[in-house]
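What follows is a single structure, and I will ask about it in a moment.
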């Protein structure tokens, strides 16, 4: 999947518009590009601040891992996101329009266009707020630094974090047979800890009230800058990181029409199992 190319737009703004834009930029922390893009999206009636999701967290916990769409379908819904592949065949990272597949054997490849996907979250990422943080000691510490930047407890947030990481602990799951649930599958995973690595955290914060749909709290996947490693993040340490946030107020949910999904019992409360299996930071 090739990255979508942006286009430069040069504007000659009246002095009043320019001063108002500068004031808004300074007060909100939004980038000037983000402000212009939002204004154009409103004027042109385009989808923006939209989180697209395939399947649900409940289905994942219950072991509904059969492919519902393919990697090539992702480009219609975003250039940024995370997910997994058919029967949990690795961790998925979508960054700058390119989909990567990190497998339990340590390999990282560009995911084949026809690779099946059972669960995915994606958006067209456009940073609305940027901030730099220092001396991050853990994944919980990172979450605590981001918490005050979120607009509240009830909206989704897409989060892109770049920098040189002192340490990234991550896991990749192995392909499992049909009928195995997420909790059992998570016991058969490869955990690695890499040090002094440049890369990007691709992630989302999801509200607690969406537990049956999404993974609540912070959920990050990592992709190294040299594309040699990636996976589901368990812990991080870093001296300095750049955080970009994109607030998501719209949710588009695509439910699989596969036999496995249609016949699954998705009525249980899966909160504890989900938190245990994913190891996410709330």
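Being surrounded by 17 or more Cβ atoms within 10 Å (Cβ to Cβ) and more than 25 Å from residue 56 (Cα to Cα), is that true of even one residue in segment 109-121?
No, segment 109-121 has no match at all.
On the given criteria, is residue 171 in contact (Cβ under 8 Å) with a residue 60 or more places away in the chain, closer than 20 Å to residue 87 by Cβ, within 20 Å of the chain's Cα centre (by Cα) and not in a helix (DSSP H, G or I)?
Working: in contact (Cβ under 8 Å) with a residue 60 or more places away in the chain: yes; closer than 20 Å to residue 87 by Cβ: yes; within 20 Å of the chain's Cα centre (by Cα): yes; not in a helix (DSSP H, G or I): yes.
Answer is yes for this residue.
If you don't mind, another one. Quick one: would you say residue 215 is over 26 Å from residue 74 (Cα atoms), crowded, with 19+ Cβ neighbours inside 10 Å, touching a helix residue (DSSP H, G or I) at 6+ places or on another chain (Cβ under 6 Å) and touching a residue at least 40 places away in the same chain (Cβ under 8 Å)? Let's see the steps before the verdict.
Working: over 26 Å from residue 74 (Cα atoms): no; crowded, with 19+ Cβ neighbours inside 10 Å: yes; touching a helix residue (DSSP H, G or I) at 6+ places or on another chain (Cβ under 6 Å): yes; touching a residue at least 40 places away in the same chain (Cβ under 8 Å): yes.
Here the answer is no, as residue 215 does not meet what is asked.
Continuing with the same structure: Considering only segment 9-26, state which residues are under 12 Å from residue 39 (Cβ atoms) and either part of a helix (DSSP H, G or I) or in contact with a strand residue (DSSP E or B) (Cβ under 7 Å, 6 or more places away or on another chain) (or both).
From segment 9-26, those under 12 Å from residue 39 (Cβ atoms) are 9, 11, 13, 17, 20-21, 24; that's our starting set.
Those that are under 12 Å from residue 39 (Cβ atoms) and either part of a helix (DSSP H, G or I) or in contact with a strand residue (DSSP E or B) (Cβ under 7 Å, 6 or more places away or on another chain) (or both): 17, 20, 21, 24.
Among the candidates 96, 76, which residue alone is in contact with a strand residue (DSSP E or B) (Cβ under 9 Å, 6 or more places away or on another chain), more than 20 Å from residue 184 (Cβ to Cβ), without any contact (Cβ under 8 Å) to a residue 12 or more places away in the chain and in the same structural domain as residue 231 (by TED's automatic domain parsing)?
Numbers: 96 fails: without any contact (Cβ under 8 Å) to a residue 12 or more places away in the chain.
Answer to the selection: 76.
If residue 182 satisfies all but one of (1) more than 19 Å from residue 92 (Cβ to Cβ); (2) in contact with a helix residue (DSSP H, G or I) (Cβ under 7 Å, 6 or more places away or on another chain), what's the number of the condition it fails?
Single failed check for residue 182: (1).
Let's see how each residue does on (1) assigned by TED's automatic domain parsing to the domain that holds residue 57; (2) assigned to a loop (DSSP other than H, G, I, E, B); (3) surrounded by 14 or more Cβ atoms within 10 Å (Cβ to Cβ):
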site: 148; (1), (2), (3): yes, no, no
site: 151; (1), (2), (3): yes, yes, no
site: 164; (1), (2), (3): yes, no, no
site: 195; (1), (2), (3): yes, no, no
site: 198; (1), (2), (3): yes, no, no
site: 201; (1), (2), (3): yes, no, yes
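Quick one: would you say residue 209 is out of contact with any strand residue (DSSP E or B) (no Cβ under 7 Å at 6 or more places or on another chain), surrounded by fewer than 18 Cβ atoms within 10 Å (Cβ to Cβ) and either not assigned by TED's automatic domain parsing to the domain that holds residue 161 or not in a strand (DSSP E or B) (or both)?
Values: out of contact with any strand residue (DSSP E or B) (no Cβ under 7 Å at 6 or more places or on another chain): yes; surrounded by fewer than 18 Cβ atoms within 10 Å (Cβ to Cβ): yes; either not assigned by TED's automatic domain parsing to the domain that holds residue 161 or not in a strand (DSSP E or B) (or both): yes.
Considered against the rule, which asks whether it is out of contact with any strand residue (DSSP E or B) (no Cβ under 7 Å at 6 or more places or on another chain), surrounded by fewer than 18 Cβ atoms within 10 Å (Cβ to Cβ) and either not assigned by TED's automatic domain parsing to the domain that holds residue 161 or not in a strand (DSSP E or B) (or both), residue 209 comes out as yes.
The values are calculated or read from the model by the stated rules, or taken from the named source; none is laboratory data. Computed from a prediction, not measured in an experiment: that's the story for all the values here. Glycine also receives a Cβ, built like all others from the backbone with ideal geometry; neighbour counts cover every protein chain displayed.
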